1. Using protein chains only and a probe of 1.4 angstrom, how many square angstrom of Ile227 are accessible, to the nearest 10?
2. Could you sort the peptides 47-59, 118-130 by per-residue average Cβ neighbour count (10 Å cutoff), highest mean leading?
3. Taking a probe of 1.4 angstrom, what is the accessible area of His180 in Å², to the nearest 10?
4. Provide the per residue accessible area, probe 1.4 Å, for segment 1-159, rounded to a whole number of square angstrom.
5. Taking all protein chains together and a probe of 1.4 Å, list Phe117, Phe33 from the most accessible to the least accessible.
6. Note the full-extension length gain between Thr273 and Gln129 as 0.36 nm times their separation in residues minus their Cα-Cα distance, in nm to one decimal.
7. How large is ³J(HN,Hα) for each residue in segment 276-281, as worked out from phi by the Karplus curve 6.51 cos²θ - 1.76 cosθ + 1.60 (θ = phi - 60°), to whole Hz, x for Gly and Pro?
8. Ratio of Rg to Rh for the chain, alpha carbon only, Kirkwood?
Amino acid sequence: MSDDHMTTTVPEAIAAVLGWPVAHSLSPRLHGFWLQEQGLAGTYLGLPIAPEAFEPTVRGLAAAGFRGANVTVPHKLAALRLADVLDDAARAIGAVNTLVFQPDGQILGRNTDAYGFMANLQQAGVDPQVGPALVIGAGGAARAAVHALLSAGCPRLYLTNRTAATAYGLAESMADDRIHVLSFNCLEKLPDDIVLLGNTTSLGMAGKGRLALDLAGLPDTAWVHDIVYVPLETPLLQAARQRGLRTVDGLGMLLHQAVPAFRAFYGREVQVTDALRAHVLGDG
Ligand code: ATR
């Protein structure tokens, strides 16, 4: 049976995003765009689920015939613990953002954030193999970025974080000698050989503080990426643009991480296009 046949004969493929809160999540909007574009009779819900209700909800959704669920703050670790099987990225990153309910009843825990991080950079034209990258931050998003960069063949990865111990912990758990932890002072005088600087902290987000760093020392060919996408052009990206550097915004990562989830839930291969971006931003 072809995938097409399976998806068109199941009248309602249902999936959801689980978060607490969930109202801010763009996932229903972006999966909704693809469902309509593909002409599929499917549904994608945003469900606000309190932490104590997470596990029973997931088991209930599986029993009710949902295809799976995306998982956002604060459930990514609970999802890791609940899954029966994990993909390599989920295991390496230590978090699950996509639960897929398998026909045999098992719950597969996946992490598509690393895929989304890299697909976004590659679509912009970044080649992580040509030189070192600097990742700022050591939280969950940093773990996805580091895993993505190392998997894509980044030859050297500088890692810096306000709390150095967390950066060392991340480096130790990834056990890869391409990772070099730098002190947070490095932001005042950045390494002059980096191809990509990526912010994975929440600094630069509307209402939060700014990342204090001096981009002067970066090579003219460097790319600057910010995981923050509210605002779309963060102070970091604005400074990079003014310095003549190429930039990649954080919305693309969110859009790309949903592509494997859509494939798992609805059986179709979809693309991240300008029309999708415009729709998610509310202009399309
Ligand atoms: P996420 O899962 O989104 O990555 P997180 O795990 O809470 O969120 O990680 C937040 C990251 O932002 C951390 O690297 C954090 O640095 P610390 O480990 O020192 O807390 C970083 N961060 C948050 N606020 C910061 C600030 N004001 N200055 C510097 N780094 C900050």
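The values are calculated or read from the model by the stated rules, or taken from the named source; none is laboratory data. Quick caveat: nothing in here was measured; it's all calculated off a predicted structure. Note that each Cβ is placed from the backbone with ideal geometry, even for glycine, and that neighbours are counted across all protein chains shown. For accessibility, only protein heavy atoms count, side chains too; no ligands or nucleic acids. Shrake-Rupley method; radii C 1.70, N 1.55, O 1.52, S 1.80 Å.
1. Counting only protein heavy atoms, the figure is 30 Å².
2. 118-130, 47-59
3. 60 Å²
4. 43 Å²
5. In descending accessible area the options line up as Phe33, Phe117.
6. Result for the pair: 49.3 nm of gain on full extension.
7. Karplus-based 3J(HN,Hα) across segment 276-281 equals 5, 4, 4, 5, 5, 7 Hz.
8. 0.98
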